[in-house]
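Some notes on the structure that comes next.
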Amino acid sequence: MPNSRAVAGGVAGLARNFVNQGPAEALRRFNLEGMAGAPAEDVFVALTDMLCPAGGTIDEAIARDAMLETVADLAAAGVRNFDELSADDLREFFIGVVSRSIEGKILNEVGTNAIAAPSDIGGVERAQAMLHDFVEGCVRDEFDVLGTDLSDLDAAAIDSFVDDLYSAALDLVEALGDDG
């Protein structure tokens, strides 16, 4: 999951710089400093284009889709201007991106028959709902267990966390497929 780890690292770096140096400086790293004060949705779409441009590999598309789905959730929740985001807003964005990246990768594995899926639609829907709850819960738990926020997560911690969670989620879906 190198693309998802890189995107998660980019979002964590943005959050770290936002908290420590302010919105304009956080965006400068991505050459987006002119977007300071813009709607958060616009900033995150531009960030998506920087971190995961269109036209890449399947793994890059999974990371891009995770970012865009999370942006859509923020827009639906009525998130305001980028400059007005809180550390909690940035944390929620990170959680959404990481969770959706892992879910997308697992669902891609199911779709390419690398792992078995339940044989009926109800079983598939239950497995997908369980996967979502499991992954998002694990991401949230990781923050609680570590007693950390995005400002003190480094690249190695993010890489390890994403890889470990992906493996655990893959094991869960494989077990669900075996039971279905």
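Couple of notes before you dig in:
- Subset of segment 46-64 [under 17 Å from Leu90 (Cβ atoms) and surrounded by 17 or more Cβ atoms within 10 Å (Cβ to Cβ)]: Ala46, Leu47, Thr48, Leu51
- When Gly96, Gly78 are checked against the criterion of being part of a helix (DSSP H, G or I), within 26 Å of Asp133 (Cβ to Cβ) and of a type in the set (Gly, Ala, Ser), Gly96 stands alone in meeting it.
- Among all residues of segment 97-120, there is at least one that is open to solvent by less than 50 Å² (accessible area, probe 1.4 Å) and closer than 20 Å to Val19 by Cβ.
- Residue match in segment 65-80 (condition: in contact with a Phe, Trp or Tyr (Cβ under 9 Å, 6 or more places away or on another chain), in contact (Cβ under 8 Å) with a residue 60 or more places away in the chain and surrounded by 22 or more Cβ atoms within 10 Å (Cβ to Cβ)): yes
The values are calculated or read from the model by the stated rules, or taken from the named source; none is laboratory data. Just so you know, these numbers come straight off a predicted model, no measurement behind them. Note that each Cβ is placed from the backbone with ideal geometry, even for glycine, and that neighbours are counted across all protein chains shown. These accessible areas exclude ligands, DNA and RNA; they are computed on the full protein's heavy atoms, side chains included. Shrake-Rupley method; radii C 1.70, N 1.55, O 1.52, S 1.80 Å.
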